[in-house]
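The values are calculated or read from the model by the stated rules, or taken from the named source; none is laboratory data. Everything numeric here is computed off the predicted structure, so don't read it as measured data. Please note: Cβ atoms are built from the backbone with ideal geometry, for glycine as well, and neighbour counts cover all protein chains shown. Surface accessibility is based on the protein's heavy atoms, side chains included, excluding ligands, DNA and RNA. Shrake-Rupley method; radii C 1.70, N 1.55, O 1.52, S 1.80 Å.
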Amino acid sequence: MSLAPRPRTCRTCTAPLTPPEYRTPRALPGICLPCAKEPPPRPTAAEPATDSAHALVVYTGEALSKAAGAFYSAAIHTAPNPSLLAQLHAVPALLENAEAAVIHAARLDGESWTALAAPLDISPERLRKRWKSESLNRRLKRVRQARADHALTPSTGSSSKPPGQQLATALSFLQRKTGLTIADTAAEIGISASHLSRVLSGDRRPSWPVVIQFVAVCDGDLPELRDLWEASHRPPTPDTPTRPDAPTTQAEACKHLHTALRALYLADGCRTHESLRIAMGDGLLTNDQIRDILAGRLIPDWQRISRLIFALRGHPAELLPLWRAATTTPPETDGPRLPASSFG
């Protein structure tokens, strides 16, 4: 009777095995000594499966997104260079948090160190040494504490919202304006009250037919909600454009820019123009100018409109191509150009 061949690589990290490591002190055949000493983390009662691990990944991604948005806003508004450097100084720690959260979730999912090291272009051994149990747990403890503190702190200012939450806020605002109960609204739309409740809270994205019915019942603007709905369904990856290419005609670009601004205004709860003026600061726009911009009668320079987008909790970079197409007249075009009135 022939014996089964001895394993030559670790089943966890695929590192080469030397003969003494064929069977470790923990009696784990095919597992190298480092992996035997540091097995993949196991779910606990306090952290069931990968749900909480994924929540940490999402939180660290949100923190990175906010930092990038704050730096971009400061850059386009020509903040002092020391201020820009101070914001960049905080980014490496946020990247470390995100990497720790992803490593933690991946190890719970059973991913090998080799698979995780490949995208980082380092060896599995180096990655494993970087994220030993002690250092990983220390980093995750700080992330969990920051997440808990964030949950207890009311959101203020003009930090951006994720697209899914923007859509939910807009739908919730329109539903409240009707004066109907959620149950009555759901019955009019033709869905269950629990389904509508999850849609309004942002826990579930509605299908487009549901949004159409919602507009019919709650008297919304279909193009504005279409803009928010499409944004909520775009893959949130760096390599995927957040918006389609800007229209080639100036008239279409003006129309799309107006719709996008109105959609952000709706998603922000239709705050008063005075509130937006104060949020923008520096007296960049008057209440009348904000009204004209949202009505599609005025397109100011990028400094002012980007500050307005940021005040509406949007991402200025997403609308920059639309603004350029709306304010730059092509060589041959018959599209009207909206006035960019003088701001002094």
How many residues are open to solvent by less than 80 Å² (accessible area, probe 1.4 Å) and modelled with pLDDT of 50 or more if we restrict to region 311-337?
18
Residue pairs within 6 Å by beta carbon, gap of at least six or interchain, first lying in region 95-121 and open to solvent by 70 Å² or more (accessible area, probe 1.4 Å), second modelled with pLDDT under 90 and not β-branched (V, I, T), listed first then second, are none
Helices (runs of 4 or more DSSP H) wholly inside region 210-297 that include at least 2 residues being at pLDDT 90 or above and within 16 Å of T169 (Cβ to Cβ):
222-232, 250-267
Scan (1) among the hydrophobic types (A, V, I, L, M, F, W, C); (2) at positive phi; (3) surrounded by 20 or more Cβ atoms within 10 Å (Cβ to Cβ) for the single condition C270 breaks and write down its number.
(3)
